[in-house]
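Asker: Below you will find the structure I want to go over with you.
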Amino acid sequence: MSINVLVQPVDSPDDFTQIYHCISEAFGRQIKDSIWIAMNSNWNSSEGQREGASKLLERWQSATKNKEGHPNTVILKATLPDPQDGFKLKIVGAAIWTQASFVDGYGDPPTDNPADLAALTPTERRFASQMYRSLWKRCVSLAREKAKSDSPAMFTLDTCAVDPAFQRRGVAGKLVAWGLEEAKRRGGLECTTEASPMGRVVYKRLGFGAEETIQGRQFELPNQTARAVLQL
């Protein structure tokens, strides 16, 4: 049941400690995602949690805006009543949506070159860089193709994670649905995401279809039916 799930953009710097905890529990502890762990090698420590939360906070604070004044990076939080205190809300999931474009004023140009790899060993850095490029090269290519069209921007789901203790309550679906609706509000932008096998189930339920498989993971692109719904 998702009736009590509240999804909204982050509105406080204090949210990021819980947000990074949700992300690390899902990608680090639950599915042990090798790419995420390579880029967050110190996640399973107090220091790593602080660093991860700080990087997310910095990303939120430095978000640019498109020509309409909308943020190009939207960080969402999903909350449920806190099991320990029903009068409080607990952050149980998060998503990051980005408006991407190579045309000035329509979004941030996507990249397949990861940042923040300086702390990794040379071997870890090579692995993380290679995998990141493999995963996002299609996104970059698609953005370049769209730059020549009348609708040069796309809305990309960069990250979606739910604390394993609160999964199977419709949280992920609400985080994704918020972005699809926002894409409509922004003029019917095409939506894309890269998905692990675990997330693929949710995305397909909402109309995404697999376009390309890369080393066991998929880059998701809305199928023809979904594209008709998502575009004006």
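The values are calculated or read from the model by the stated rules, or taken from the named source; none is laboratory data. What you see is a predicted model, and the numbers here were worked out from it, not measured in a lab. Cβ sites come from the backbone with ideal geometry, for glycine too, and all protein chains shown count toward neighbours.
Asker: If I ask for residues that are buried (at least 18 other Cβ atoms within 10 Å of the Cβ) and of a type outside the set (Phe, Trp, Tyr), which ones from region 100-113 would you list? Give the derivation first.
Answerer: Going through region 100-113, the residues buried (at least 18 other Cβ atoms within 10 Å of the Cβ) turn out to be 100-102, 106-108, 110.
Scanning region 100-113 gives ALA100, SER101, GLY107, ASP108, PRO110.
Asker: A follow-up question, please. Just give me the residues in region 2-16 being over 17 Å from ARG168 (Cβ atoms) and out of contact with any Lys or Arg (no Cβ under 8 Å at 6 or more places or on another chain), in sequence order.
Answerer: Pass one, region 2-16, residues over 17 Å from ARG168 (Cβ atoms): 6, 8-16.
Answer for region 2-16, where residues must be over 17 Å from ARG168 (Cβ atoms) and out of contact with any Lys or Arg (no Cβ under 8 Å at 6 or more places or on another chain): LEU6, ASP11, SER12, PRO13, ASP14, PHE16.
Asker: Right, next: Criterion first (touching a Pro at 6+ places or on another chain (Cβ under 9 Å) and at pLDDT 95 or above) does LYS65 satisfy it? Steps first, please.
Answerer: Values: touching a Pro at 6+ places or on another chain (Cβ under 9 Å): yes; at pLDDT 95 or above: yes.
It is true that LYS65 is touching a Pro at 6+ places or on another chain (Cβ under 9 Å) and at pLDDT 95 or above.
Asker: Taking only region 4-47 into account, find how many residues are free of Cβ contacts under 8 Å to residues at least 24 places away in the same chain and either within 30 Å of GLN130 (Cα to Cα) or part of a loop (DSSP other than H, G, I, E, B) (or both).
Answerer: Within region 4-47, residues that are free of Cβ contacts under 8 Å to residues at least 24 places away in the same chain and either within 30 Å of GLN130 (Cα to Cα) or part of a loop (DSSP other than H, G, I, E, B) (or both) number 12.
Asker: Then there's this: From the list GLY93, GLY52, pick out the single residue that is touching a strand residue (DSSP E or B) at 6+ places or on another chain (Cβ under 7 Å) and buried (at least 20 other Cβ atoms within 10 Å of the Cβ). Working first, answer last.
Answerer: Numbers: GLY52 fails: touching a strand residue (DSSP E or B) at 6+ places or on another chain (Cβ under 7 Å).
One residue alone meets the criteria, GLY93.
Asker: Is it fair to say GLY93 is part of a strand (DSSP E or B) and touching a Leu at 6+ places or on another chain (Cβ under 7 Å)?
Answerer: Working: part of a strand (DSSP E or B): yes; touching a Leu at 6+ places or on another chain (Cβ under 7 Å): yes.
Yes; evaluated as a whole, the condition is true for this residue.
Asker: Within region 117-232, considering only helices (runs of 4 or more DSSP H) that don't extend past its boundaries, which have at least 1 residues that are modelled with pLDDT of 70 or more and among the basic types (Lys, Arg)? Before the answer, list the steps.
Answerer: Numbers: elements: 122-146, 171-185, 197-205, 224-230.
Correct list: 122-146, 171-185, 197-205.
Asker: Report yes if some residue within region 74-81 is at pLDDT below 95, touching a strand residue (DSSP E or B) at 6+ places or on another chain (Cβ under 9 Å) and not in a helix (DSSP H, G or I); otherwise report no.
Answerer: Of the residues in region 74-81, the ones at pLDDT below 95 are 81.
Applying the additional criterion that residues be touching a strand residue (DSSP E or B) at 6+ places or on another chain (Cβ under 9 Å) yields 81.
Then keep just the ones that are not in a helix (DSSP H, G or I); that gives 81.
Looking through region 74-81, at least one residue is at pLDDT below 95, touching a strand residue (DSSP E or B) at 6+ places or on another chain (Cβ under 9 Å) and not in a helix (DSSP H, G or I).
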